[in-house]
Amino acid sequence: LDLGSGADSLGLVEDFDGGQILGGTGNDDLSVAGISFVSSTMDGGANRDTIYLTKTPSAAVVYGGAGADSLVVDTQLNASTVWGGSSSVTSTDGADTIYVNGTLSGSEINANAGADTIDVRGPALGAAHVKGGQGGDSLYVSGSLDASTVSANKGADTLTITGALKSGTVYGGGV
C-alpha cells in the first residue's frame, strides 16, 4: 500500500499481515488498529509522520523515516524492529519520539540521529535492544532490563531505568 507524496492519513482496522504500508513524502498519519500486524513493514517516509499501532507487532519493521516523527506502539513489541529514521539513513534523521506501552520482547528500537526520546513502559526482555543513536537522547525503561541492552550512543544523553537490572547491559556511549 503506497500512499505516495503529500500529507496522507490512513487508519486500518483489520489484520495486516505480510504487507507494506509506505507513507512517502509528506506529513503522514498512519494507524493500524486491527487484530494483528505480523511480518509487515510500515514506513512513514520523509517529513513529520505519526505512526500509531494498537495491536502487538510481531516480526514487523516500523520506520519513521527522515524527519521528526512520533511512533507509538500502544501494546507490547515482539521480535520486531522500530527505527526513528531508517536502517540506511542514520545520521540525518530528526528528533523522534518513540513510545512503547508494554513489554519489549526480543525487539530493537533505534532512534537514529536527532535529540530523540524513547519511552518503554514495561520490561525489556529476551535480548531486546534500546538504542538512542546520535544526538542528545532521553531513554526511559519503566520495567526491568532482563538480558537486554540500552545504549545511548553519541551526544549528551539521559538514561533512566526504574526497574531491576537482571543480566542487562547499559552503555553511555555507542556499541
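The values are calculated or read from the model by the stated rules, or taken from the named source; none is laboratory data. Predicted, not measured: the structure shown is a model, and the values here were computed from it. As a convention, Cβ positions derive from the backbone with ideal geometry for all residues, glycine included, and neighbour counts pool all protein chains shown. When the accessible area is computed, the model is the full protein with side chains, heavy atoms only, and any ligands, DNA or RNA have been set aside. Shrake-Rupley method; radii C 1.70, N 1.55, O 1.52, S 1.80 Å.
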Exercise. Starting at 0 and stepping by 5 Å, how many percent of the alpha carbon pairs of the chain end up in each bin?
Worked result: 2, 10, 20, 23, 21, 14, 8, 3, 0, 0
Seminar exercise, completed: The set of residues whose placed amide H lies less than 5 Å from the amide H of Gly168, leaving out same-chain residues fewer than 5 positions away, is Ala147, Ser148
Exercise. Averaged per residue, what accessible surface does the chain expose to a 1.4 Å probe, in Å²?
Worked result: 41
Problem set entry | Dipole of the chain, positive end: most advanced residue of Gly11, Gly155, Thr25 [Cβ charges, Cα centre] | Gly155
Exercise. Using modelled amide H (1.01 Å from N, peptide plane; none on Pro or chain starts), what sits under 5 Å from the amide H of Leu12, excluding residues fewer than 5 places away?
Worked result: Ser31, Val32, Ala33
Exercise. Which cross-chain or sequence-distant (5 or more) residues have an amide H under 5 Å from the amide H of Tyr140, H modelled 1.01 Å from N in plane?
Worked result: Ile118, Asp119, Val120, Thr160
Exercise. From the backbone phi of segment 3-11, what are the Karplus-calculated ³J(HN,Hα) couplings (6.51 cos²θ - 1.76 cosθ + 1.60, θ = phi - 60°) in whole Hz, Gly and Pro given as x?
Worked result: 8, x, 8, x, 7, 10, 10, 9, x
Seminar exercise, completed: With x for Gly and Pro, the residue-by-residue ³J(HN,Hα) of segment 102-112, computed from phi through the Karplus equation 6.51 cos²θ - 1.76 cosθ + 1.60 at θ = phi - 60° and given in whole Hz, is x, 5, 9, 10, x, 10, 10, 10, 10, 6, 6
Exercise. Rounded to a whole number, what % of the accessible area of the chain do carbon and sulfur atoms account for, probe 1.4 Å?
Worked result: 49
